[in-house]
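Q: Structure incoming, see below.
The values are calculated or read from the model by the stated rules, or taken from the named source; none is laboratory data. All values reported here derive from a predicted model rather than from experimental measurement. Ideal geometry is used to build each Cβ from the backbone, glycine not excepted, and the neighbour counts take in all protein chains shown. Accessible surface areas use protein heavy atoms only, side chains included; no ligands, DNA or RNA. Shrake-Rupley method; radii C 1.70, N 1.55, O 1.52, S 1.80 Å.
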Amino acid sequence: MRSAGHVLDWAMLASVEFAVTELKVPLVVVLGHEDCRAIAATIEAVRGKRRPTGLRGVLVDQIAPAVTDAEALDAGRASTGPASTGPASADLDRVTRAHVRRTVDRLKQTGGVAELFAAHRVDVVGAVYRLDSGHVELP
């Protein structure tokens, strides 16, 4: 299942729950990818203190806490790129990894997935896909 920025909405959560409870899927993988435009747009929105109009704001609302997480880890360190050119690739990578971890944590705490995870009958893991090399890395 795909969504922009691997954002979890009710339909996505219900689909994952259906997969693990009804279809007995034993592993859920949250797969982010490098150069995610939804995450880049969120970084720009958070740093510019503006929320996009329309439904795109829903994506920003869900991804924004990962920007805060990544920036908290980098406290005291300056941005690696000028704000006018968009987020630097290092910033984008850190936020992508933080968002993957947050998404994994949310799945592990939601409904039937949480129950099966606690019973060791399903696992939820995160990874980041490298578009240029095809490699998959742990966040």
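Q: Over 25 Å apart: what share of the alpha carbon pairs of the chain falls there, rounded to a whole percent?
A: Value for the chain: 30 percent of Cα pairs lie more than 25 Å apart.
Q: On a 0 to 90 degree scale, rounded to 10, what angle separates helix 10-21 from the longest Cα axis of the chain?
A: 40 degrees
Q: So what's the angle, to the nearest 10 degrees on a 0 to 90 scale, between helix 37-47 and the longest Cα principal axis of the chain?
A: Once rounded, one gets 50 degrees.
Q: Can you compute the helix-only [θ] at 222 nm over the chain? Use -39500 (n - 2.57) per DSSP H run of at least 4 residues, normalise by all residues, nearest 500 deg cm²/dmol. Write down the numbers at each step before the final one.
A: On the way: 5 runs with 69 residues, N = 139.
That comes out to -16000 deg cm²/dmol.
Q: Expected output is a single nm value to one decimal: the length gained when fully extending between residue 137 and residue 106, i.e. 0.36 nm times separation in residues minus the C-alpha distance. What is it?
A: 9.2 nm
Q: List the extent of the Cα atoms of segment 1-78 along each of their three principal axes, largest first, rounded to whole Å.
A: In descending order, the Cα extents are 46, 30, 18 Å.
Q: At 1.4 Å probe size, with no ligands or nucleic acids counted, give the accessible surface of residue 137 in Å², nearest ten.
A: 70 Å²
Q: A further question on this structure: What do you reckon, how do 99, 33 stack up by accessible area (1.4 Å probe), largest on top?
A: Descending order: 33, 99.
Q: Right, next: Would you tell me the accessible area of residue 18, worked out with a 1.4 angstrom probe on the heavy atoms of the protein chains, in Å² to the nearest 10?
A: Only protein atoms counted, so the area is about 110 Å².
Q: Sticking with this one: Once label points are set 7 Å from the Cα along Cα→Cβ at both residue 49 and residue 89, what is their separation, rounded to one decimal in nm?
A: Distance between the two pseudo-spin positions: 3.2 nm.
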